[in-house]
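Worksheet for the structure shown next.
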Amino acid sequence: MQPTGWHILATGRGPESLLAIDFDVTQARGSAGFGDLASLLPDRYTVLGVDPLAWPPDGPRVDRVAAWLERVERLPAGTVGILAYCAGGSLACTAARHLAESGRSRPAVVLFDPTRVGSNTLTHQFGLAVDNLAANLTKDEREGAMAGAAGDAATTLDDLARALSERYGNLVARACDRMGIKSAFAQELSDRVRRYLSYLALAGAVELDITGLRAHVLRSSGDPGELATAGTEARFPVAQEKLLRQQGVADTITRLLTVESPV
């Protein structure tokens, strides 16, 4: 039975489960995702990924973090590992620490190219979304949007996410109108960007802190190594977009999940 708010990426033959944390585990961005990785792991594990529509919605930061931890805590016992991609690292660390403090067994944490989220993260992702509309926006519209985004960055992450979402909503409506695309599609694109920026703000609300955790960091060839760790660390000679599609990565995770001594 699929837990509410989660996708089953792989069904295991035993009681052990792995949680996969990314904005969208169904992977619509073109690079390898946790669905690819799940197919390479041993069939002893059930792999669960957060439904992209189930991330806690806009609201007070404390309430959103509490809602995230409550969703994790409602899962059946048996979580032996939490996997997280880029910005999801802070959410993984917080979830692992919460499970341990709640009396559950302490899961291993495996972080892929972990990234600390700040205002620059949100403005960068906003810029990428605007770039995708560039063919149907004027130069002044693009430059005005980015200049406005730079000003928005002085606010809190939650306020920044809302401001950037509103800017993007106006731009995508204009671009779709020029292409003769129905407004419903523009709204769909706008909602997705809003949810993604909200997810990043949530990830930025908690610390990327591996202290006291069974933490392991797996890096792609281009990862700058932002998070210093005294735990297990490995680098693979592949680009980030291919990292979760490597059998060697899956084999490394399987081996790390047997490590019992805390980092």
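If you check THR26, THR79, THR123 for being outside the structural domain of PRO224 (by TED's automatic domain parsing) and either under 30 Å from LEU171 (Cα atoms) or not basic (Lys, Arg) (or both), only one passes: THR123.
Please indicate, with yes or no, whether at least one residue in the range 173-185 is in a loop (DSSP other than H, G, I, E, B), at pLDDT 90 or above and surrounded by fewer than 13 Cβ atoms within 10 Å (Cβ to Cβ). Within the range 173-185 (the criterion being in a loop (DSSP other than H, G, I, E, B), at pLDDT 90 or above and surrounded by fewer than 13 Cβ atoms within 10 Å (Cβ to Cβ)), the answer is yes, since at least one residue qualifies. For first residues located in the range 240-252 and assigned by TED's automatic domain parsing to the domain that holds VAL110, partners that are of a type in the set (D, E, K, R) and in a helix (DSSP H, G or I) and lie 6+ apart or on another chain with Cβ distances below 6 Å form the pairs LEU244/ASP36; ARG245/ASP36. Restricting the range 211-258 to residues that are β-branched (Val, Ile, Thr) and modelled with pLDDT under 90, the residue that is nearest to ALA38 (Cα to Cα) is THR258. On the stretch given as the range 41-71, residues that are free of Cβ contacts under 8 Å to residues at least 60 places away in the same chain and either out of contact with any Gly (no Cβ under 8 Å at 6 or more places or on another chain) or not in a strand (DSSP E or B) (or both) total 14. Might you check whether a residue that is surrounded by fewer than 17 Cβ atoms within 10 Å (Cβ to Cβ), free of Cβ contacts under 8 Å to residues at least 12 places away in the same chain and not small (Gly, Ala, Ser) occurs anywhere in the range 209-222? Yes, that holds for at least one residue. Of all residues in the range 8-49, those satisfying the criterion of being in contact with a helix residue (DSSP H, G or I) (Cβ under 8 Å, 6 or more places away or on another chain), crowded, with 20+ Cβ neighbours inside 10 Å and β-branched (Val, Ile, Thr) are ILE21, VAL25, VAL47. Flag not set for ALA77, criterion: surrounded by fewer than 18 Cβ atoms within 10 Å (Cβ to Cβ), at pLDDT below 95 and in contact with a Gly (Cβ under 7 Å, 6 or more places away or on another chain). Comparison of VAL117, VAL130 shows that the only residue that is part of a loop (DSSP other than H, G, I, E, B), of a type in the set (A, V, I, L, M), more than 21 Å from GLU16 (Cα to Cα) and touching a residue at least 40 places away in the same chain (Cβ under 8 Å) is VAL117. When the range 57-74 is filtered for residues that are at pLDDT 85 or above and of a type outside the set (A, V, I, L, M, F, W, C), the ones remaining, listed by number, are ASP63, ARG64, GLU70, ARG71, GLU73, ARG74.
In the set (1) at pLDDT below 90; (2) of a type outside the set (D, E, K, R); (3) more than 19 Å from the chain's Cα centre (by Cα), PRO42 fails one condition alone, (1).
The values are calculated or read from the model by the stated rules, or taken from the named source; none is laboratory data. What you see is a predicted model; the values in this text were computed from it and never measured. Using ideal geometry, Cβ is built from the backbone for each residue, glycine included, and neighbour counts are taken over all protein chains shown.
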